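The structure appears right after this line, and notes come after that.
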Amino acid sequence: MEEKIEPKKLNDYSFIVDKKGPMKVPLKIFASEKLLKKMQEDKCIQQGVNVASLPGIRGFSMMMPDAHQGYGFSIGGVAALDFEKGCISPGGIGFDINCGVRLLTTNLTKDEVEPKVRHLLEQFFENVPAGVGSKSEIKLTDEELDEVLVKGAKWALTKGYGTEEDVEHCEEQGSMKGADASKVSVKAKARGRKQLGTLGAGNHFLEIQYVSKVFDKEAASVFGFEEGQVVVQIHCGSRGLGHQVCSDYLRKMEDNYPDIMEKLPEKDLIYAPSGSQIANDYFAGMVASANFAWANRHIIGHQVRKSFKEIFEKAELHTLYDVAHNIAKIEEHTVDGETFKAYLHRKGATRAFGPGSDEIPSKYREVGQPILIPGSMGTSSYVLVGTEKSMEESFGSTAHGAGRLMSRHEANRNWRGEDVKESLKEQGIYVKAASWKGVSEEAPGAYKDVDEVVKVSDAAGIGKLVVQLKPMGVVKG
């Protein structure tokens, strides 16, 4: 029986588990008492402790306020693993590589859009294939698919999708360096070939929202927000392609490193040592998958713009930002005065770079990077801004969403999709879904309180609140 872990309270928004046993660093948890209690009800804190034993880990193993149990790392797990002396772990990135969020702002108001929300959802559904096994109308040759994997959103731009601004306002400009299409298996390519420009299922969504509250007028002005303004949030990733890349490399690592497997506290933490051929190959395949995801969200963004213009002739939509929240990056960070290069793993965590960073679009550089934190279906979402403190406290990272309270299976036992849809309709929120199961799995009650999650991020200084967004209508897979 595993010993119960009792984190020590540092302040109202952070806790620590001191280094002991095989842990190479302490575990730091950003949470309130309320959120910590939920974390203690599953095994995610033990997963944070396990991550602290990985080779080359620097500073802390970290858990963000929305952390819950995942595969290997907790979802909401962050770790800086030394680029030269550490390792890379697929369990610290996730199966849906570069699952992320894109937010589009509009020049329309809630009052203008509200009467036509259901019509808009129908247009979305027609223009963006959604649901399990949804297929794209985009036909890709082998050469074109390889180009997508290397060029990402920039490939889509050359094919007439979206605008230069969409690319500029995207993490890595939608085209991360280091991709190698040859490191993505034939099976992975076959799974992704017909899925470019599709939403998929699970927790992926397309949501029409409006700005309900402004917290930071300066940042809101720079980001172009006003109260009552309509925005659209896109949440999806690399579809079957990224999932297969993760599966392929997990098997390779397990087959090639049985000695490492034997020593791990949890086999799902399998890794490839820095500098090994498998580590290099996996990173190149992961980057290619991330680029596929950026191309995917870019094309969906284009289709959202098209859908709006079909109903509102004067509609103008601009990409505010697009962030990844299942990814590893090669980044430089400083711990105890020493600057080092790391595989910065963010699994269910959002990059939160502060003012002045060359990594964020010039338009936002004075205030910091936009952080997009979606809520669950029917609850608020938020935009925050990165801070200098986040660079010091959390390797420039913060939460990525509300975080699940229960499994999809349990949610299906507790709710009927029809009832969830009707309950949301009574609140003025319309749902268009590919399946009833997709609705019940994502019932608002299956998630943590996103308001509490962002309150902790704000209080800890790892992402400052800018605006609150409230839903009007949502497309689910």
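The values are calculated or read from the model by the stated rules, or taken from the named source; none is laboratory data. These numbers come from a predicted model, not from an experiment. Glycine gets a Cβ as well: all are built from the backbone with ideal geometry, and neighbour counts include every protein chain shown.
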In region 155-197, which residue that is part of a loop (DSSP other than H, G, I, E, B) and touching a strand residue (DSSP E or B) at 6+ places or on another chain (Cβ under 7 Å) is nearest to C99 (Cα to Cα)?
C170
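Taking E331 as the residue in question, decide whether it is among the acidic types (D, E), outside any strand (DSSP E or B) and surrounded by fewer than 21 Cβ atoms within 10 Å (Cβ to Cβ). Step through it out loud before you land on a result.
Values: among the acidic types (D, E): yes; outside any strand (DSSP E or B): no; surrounded by fewer than 21 Cβ atoms within 10 Å (Cβ to Cβ): yes.
Considered against the rule, which asks whether it is among the acidic types (D, E), outside any strand (DSSP E or B) and surrounded by fewer than 21 Cβ atoms within 10 Å (Cβ to Cβ), E331 comes out as no.
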Can you name the condition, by its number, that G131 falls short on among (1) at pLDDT below 95; (2) closer than 25 Å to G401 by Cβ; (3) out of contact with any helix residue (DSSP H, G or I) (no Cβ under 8 Å at 6 or more places or on another chain)?
(3)
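What are the residues in region 338-379 that are among the polar types (S, T, N, Q), surrounded by fewer than 21 Cβ atoms within 10 Å (Cβ to Cβ) and either within 18 Å of the chain's Cα centre (by Cα) or under 26 Å from A402 (Cβ atoms) (or both), if any?
First pass over region 338-379, keeping only residues among the polar types (S, T, N, Q): 339, 350, 357, 362, 369, 376, 379.
So of that shortlist, the ones also surrounded by fewer than 21 Cβ atoms within 10 Å (Cβ to Cβ) come out as 339, 357, 362, 379.
T379 - this is the single residue of region 338-379 that is among the polar types (S, T, N, Q), surrounded by fewer than 21 Cβ atoms within 10 Å (Cβ to Cβ) and either within 18 Å of the chain's Cα centre (by Cα) or under 26 Å from A402 (Cβ atoms) (or both).
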Residue pairs, Cβ under 9 Å, 6 or more apart or interchain, first in region 198-219 and farther than 14 Å from G375 by Cα and aliphatic (A, V, I, L, M), second modelled with pLDDT under 95 and in a helix (DSSP H, G or I). List them.
A201/K437; A201/G438; A201/E441
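Scan region 90-121 for residues that are out of contact with any strand residue (DSSP E or B) (no Cβ under 7 Å at 6 or more places or on another chain) and crowded, with 18+ Cβ neighbours inside 10 Å and jot them down. Step through it out loud before you land on a result.
From region 90-121, those out of contact with any strand residue (DSSP E or B) (no Cβ under 7 Å at 6 or more places or on another chain) are 90-91, 95, 107, 111-112, 115-116, 119; that's our starting set.
Matches in region 90-121: P90, G91, F95.
Would you pick out the residues in region 434-444 that are part of a helix (DSSP H, G or I) and either over 20 Å from F124 (Cβ atoms) or touching a Cys at 6+ places or on another chain (Cβ under 7 Å) (or both)?
Our first condition is that a residue be part of a helix (DSSP H, G or I); within region 434-444, this holds for 436-441, 444.
Hits for region 434-444 are S440, P444.
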Within region 279-300, the residues that are touching a helix residue (DSSP H, G or I) at 6+ places or on another chain (Cβ under 6 Å) and either farther than 24 Å from L81 by Cβ or buried (at least 22 other Cβ atoms within 10 Å of the Cβ) (or both) are Y282, G285, A288, S289, N291, F292, W294, A295, H298, I299
Tell me, please, whether a residue that is free of Cβ contacts under 8 Å to residues at least 60 places away in the same chain, over 28 Å from R118 (Cβ atoms) and outside any strand (DSSP E or B) can be found in region 413-433.
yes
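One line per residue, one yes/no per condition, for (1) among the acidic types (D, E); (2) under 22 Å from V474 (Cβ atoms); (3) without any contact (Cβ under 8 Å) to a residue 60 or more places away in the chain:
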site	(1), (2), (3)
L104	no, yes, no
V128	no, yes, no
V132	no, yes, no
K139	no, no, yes
E147	yes, no, yes
K154	no, no, yes
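Name the strands (runs of 3 or more DSSP E) wholly within region 1-50 that hold at least 2 residues that are surrounded by 13 or more Cβ atoms within 10 Å (Cβ to Cβ) and within 22 Å of the chain's Cα centre (by Cα)?
Values: elements: 8-11, 14-17, 27-30.
Correct list: 27-30.
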Selection status of K38, in contact with a His (Cβ under 9 Å, 6 or more places away or on another chain) and over 18 Å from D268 (Cβ atoms)
yes
Within region 208-229, is there a residue that is closer than 25 Å to A433 by Cβ, under 18 Å from the mean Cα position of the chain (by Cα) and in a strand (DSSP E or B)?
no
Looking for something in contact with a Gly (Cβ under 8 Å, 6 or more places away or on another chain) and within 20 Å of I327 (Cα to Cα) - is there at least one such residue anywhere in region 155-169?
yes
If I filter region 430-477 down to residues being over 19 Å from the mean Cα position of the chain (by Cα) and among the hydroxyl-bearing types (S, T, Y), which single residue comes out as surrounded by the most Cβ atoms within 10 Å (Cβ to Cβ)?
S440
